[in-house]
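Undergrad: If you scroll down you'll find the structure; I have some questions about it.
The values are calculated or read from the model by the stated rules, or taken from the named source; none is laboratory data. The model shown is predicted, which means the values in this text are computed figures rather than measured ones. With ideal geometry, Cβ positions are generated from the backbone for all residues, glycine too; neighbour counts draw on all protein chains shown. Side chains are part of the model used for accessible areas, which takes the heavy atoms of the whole protein and leaves out ligands, DNA and RNA. Shrake-Rupley method; radii C 1.70, N 1.55, O 1.52, S 1.80 Å.
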Amino acid sequence: MATLVLDNGAYTAKIGYSHQSVSVIPNCQFRSKTSRLKTFTANQLDEIKDPSGLFYILPFQKGYLVNWDVQRKVWDHLFGKEMMKVEFADTSVIVSEPLFNFSSIQESMNEILFEEYQFQSVLRINAGSLSAHHYFQTNPSALCCLVVDSGYSFTHITPYCRGRKMKEGICRLNVGGKLLTNHLKEIISYRQLHVMDETHVINQVKEDVCYVSQDFYQDMKTAQLKGEANTVMRDYVLPDFSSIRKGFCKAPEDMLPSGKYKTGEQILRLTNERFAVPETLFHPSDIGIQEMGIPEAVVRSISTMPEEMQPHFYQNLVVTGGNCLFPGFRERVHRDVRALAPTDFPVSVLLPPNPVGYAWEGGKLLADNPDYDEMVVTREEYEENGHFICEEKFDV
């Protein structure tokens, strides 16, 4: 029997069989400006000739799955003959869901997986638990770990001890990649160019040029300098979707201080936006969100744990999710947590080689676990007992 692992995120779905490798696919539908009537699903994004003014239709809002019509179409595409070619009656599925998911969403999820797709068995689990499982498997000596999962809609901080999640220590910050992209859109629209409709392009800009500052005030001073001394400034060439398919950053040696290039490319000149946008993860109050940043939330989460466990959590911090890909993210989390933690506790922060697929890989390891068959709900059990058996068996 095959096991399909689906880490169903709000921005991308990570999918693959437990004996194969992972594919990361946009978990949404698109409409382009040129062909308004045609809808593109998931990885058909590459077929769109002109992705400017791309219109996203997302199944998730504020981190919870609310638009089932879109999610169904994406899943049909993922499970169908173009992608995974799933034989439902002979397949077990591990599917991830957010922490504190609503029971109405869980019921719909059970119904669709068991009754529409008719999977043989289902395991519904938090992505953080998959990451923790991965960590405990690769570090058998660790007793505790703290998973910082910074994704598209929000950032969750979850302590795990011996594979169990400690519910009283969970923190959520309502800052994620979506908010950062939108904030960058607003800043650029205000300062240089109206890009409020260009989510796709600006998201690419964010991924290409933003970084996490190690010393915010020093970088702010550098960003105000003129000419060569300003090491923060970058010129970003926007795509025109005819000759330039994908935007890119000009190499520092090709940059002209005037910013006027002969070639007629459209240029965005970025200075302090490069680090001021990701700074929101560490100080949400900068843009008026009354919450603490990641380092404070980590320390607060650990402080709710029993005292004898606390040093173990500080030694086993794991950062996952797309925002960890900002250069300098891990170093900054380490530095700030180190500053707030008691001096006699060592602090160590692990950034996995693939932070986006880390939870998926945890699901892959879980599928090979000898206890796996005990954890799932089979279709017979569901048909007999309905939704209630899922509530009983799944720790979510």
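Undergrad: State which entries of LYS81/LYS206; LYS62/LYS165; LYS85/LYS185; LYS206/LYS260 exceed 32 angstrom in Cα-Cα distance in the structure shown.
TA: Details: LYS81/LYS206 34 Å; LYS62/LYS165 23 Å; LYS85/LYS185 38 Å; LYS206/LYS260 22 Å.
Among LYS81/LYS206; LYS62/LYS165; LYS85/LYS185; LYS206/LYS260, the Cα-Cα distance tops 32 Å for LYS81/LYS206; LYS85/LYS185.
Undergrad: Kindly rank 247-260, 222-235 from highest to lowest mean number of other beta carbons found within 10 Å of each residue.
TA: Sorting 247-260, 222-235 by mean packing, highest first, produces 222-235, 247-260.
Undergrad: So how strong a dipole does the chain carry about its Cα centre when Lys and Arg Cβ are +1 and Asp and Glu Cβ are -1, to the nearest 20 debye? Write down the numbers at each step before the final one.
TA: On the way: 39 positive and 51 negative charges, 342 e Å.
Computed charge dipole of the chain: roughly 1640 debye.
Undergrad: In nm, to one decimal, how far is the ASP344 label point from the ASP371 one, both placed 7 Å along Cα→Cβ?
TA: Calculated label separation equals 3.4 nm.
Undergrad: Report in % the part of the accessible area of the chain that belongs to carbon and sulfur, leaving out ligands and nucleic acids; probe 1.4 Å. Spell out each step's value before the answer.
TA: Details: 9290 of 18390 Å².
Exposed carbon and sulfur together represent 51 percent of the surface.
Undergrad: Once you have a ≥ b ≥ c as the square roots of the Cα gyration tensor eigenvalues for the range 204-265, tell me rounded if a/c is under 1.5, and otherwise prolate or oblate according to whether a/b is larger than b/c.
TA: Details: a/c = 3.49, a/b = 1.54, b/c = 2.27.
Oblate, because a/c is 1.5 or more while a/b does not exceed b/c.
Undergrad: Residues in the range 6-43, backbone N under 18 Å from the label point at PHE102 (7 Å along the Cα-to-beta-carbon vector): list them, ranges by number please.
TA: Hits in the range 6-43 for PHE102 at 18 Å: 10.
Undergrad: For the range 258-396, what log10 I(q)/I(0) values come out of the Debye formula at q = 0.14, 0.15, 0.20, 0.22 1/Å, with one point per alpha carbon and no solvent?
TA: Log-scaled intensity ratios, in q order: -0.90, -0.96, -1.20, -1.28.
Undergrad: So, one more: Sorted by mean Cβ packing within 10 Å, highest first, what order do the peptides 352-361, 76-85 take? Walk me through the numbers before you get to the answer.
TA: On the way: 352-361: 21.3, 76-85: 15.4.
Packing order, densest peptide first, comes out as 352-361, 76-85.
Undergrad: While we're here: Counting only other residues whose beta carbon sits under 11 Å from that of ILE125, what net charge do I get with K and R as +1, D and E as -1?
TA: Summing Lys and Arg as +1 and Asp and Glu as -1 gives 0.
Undergrad: What is the extension gain from GLN20 to ALA89, computed as 0.36 nm multiplied by their sequence separation minus the C-alpha to C-alpha distance, in nm to one decimal?
TA: 22.9 nm
Undergrad: What percent antiparallel are the DSSP beta bridges of the chain, to the nearest 5? Could the numbers behind the result be given before it?
TA: Values: 36 of 53 bridges.
Bridges in the chain are about 70 percent antiparallel.
Undergrad: Report, in deg cm²/dmol and to the nearest 500, the calculated mean residue ellipticity at 222 nm for the chain, where each DSSP H run with n ≥ 4 adds -39500 (n - 2.57) and the sum is divided by the residue count. Intermediate results must be reported in sequence, preceding the final value.
TA: Working: 14 runs with 127 residues, N = 396.
That comes out to -9000 deg cm²/dmol.
Undergrad: Another one. Stretch PHE388-ARG191 to full length: gain in nm at 0.36 nm per residue minus the Cα-Cα span?
TA: Numbers: separation 197, 0.36 × 197 = 70.92 nm, distance 5.37 nm.
Once the chain is fully extended between PHE388 and ARG191, it gains 65.6 nm.
Undergrad: If r is the Cβ-Cβ distance from THR231 to ASP76 and R0 is 45 Å, what FRET efficiency results, to the nearest 0.05? Working shown, then result.
TA: Values: r = 49 Å, r/R0 = 1.08.
In this case the efficiency is close to 0.40.
Undergrad: Return the ratio Rg/(2.2 N^0.38 Å) for the chain, where Rg is computed over Cα atoms only. All intermediate terms of the calculation are to be shown ahead of the outcome.
TA: Numbers: Rg = 22.3 Å, N = 396, 2.2 N^0.38 = 21.4 Å.
The reported ratio for this selection is 1.04.
Undergrad: Now for a separate question. How much net charge surrounds GLY9 when only the other residues with a Cβ under 12 Å from the Cβ of GLY9 are counted, with Lys and Arg +1 and Asp and Glu -1? Display every interim value, and only then the final one.
TA: Numbers: positive: LYS14, LYS178; negative: ASP7, GLU97, ASP149.
With Lys, Arg at +1 and Asp, Glu at -1, the net is -1.
Undergrad: How much solvent-accessible surface does LYS38 expose, in Å² to the nearest 10, with a 1.4 Å probe and all protein chains in place?
TA: Rounded to the nearest 10, that gives 110 Å².
Undergrad: For the chain, what does the accessible surface come to per residue with a 1.4 Å probe? Please give it in Å². The partial results should precede the final answer.
TA: On the way: 18390 Å² over 396 residues.
Ligands and nucleic acids excluded, the result is 46 Å² per residue.
Undergrad: Quick one: if you stick a label point 7 Å off each Cα along the C-beta vector at THR34 and ASN182, how many nm between them?
TA: Inter-label distance under the simple model: 2.9 nm.
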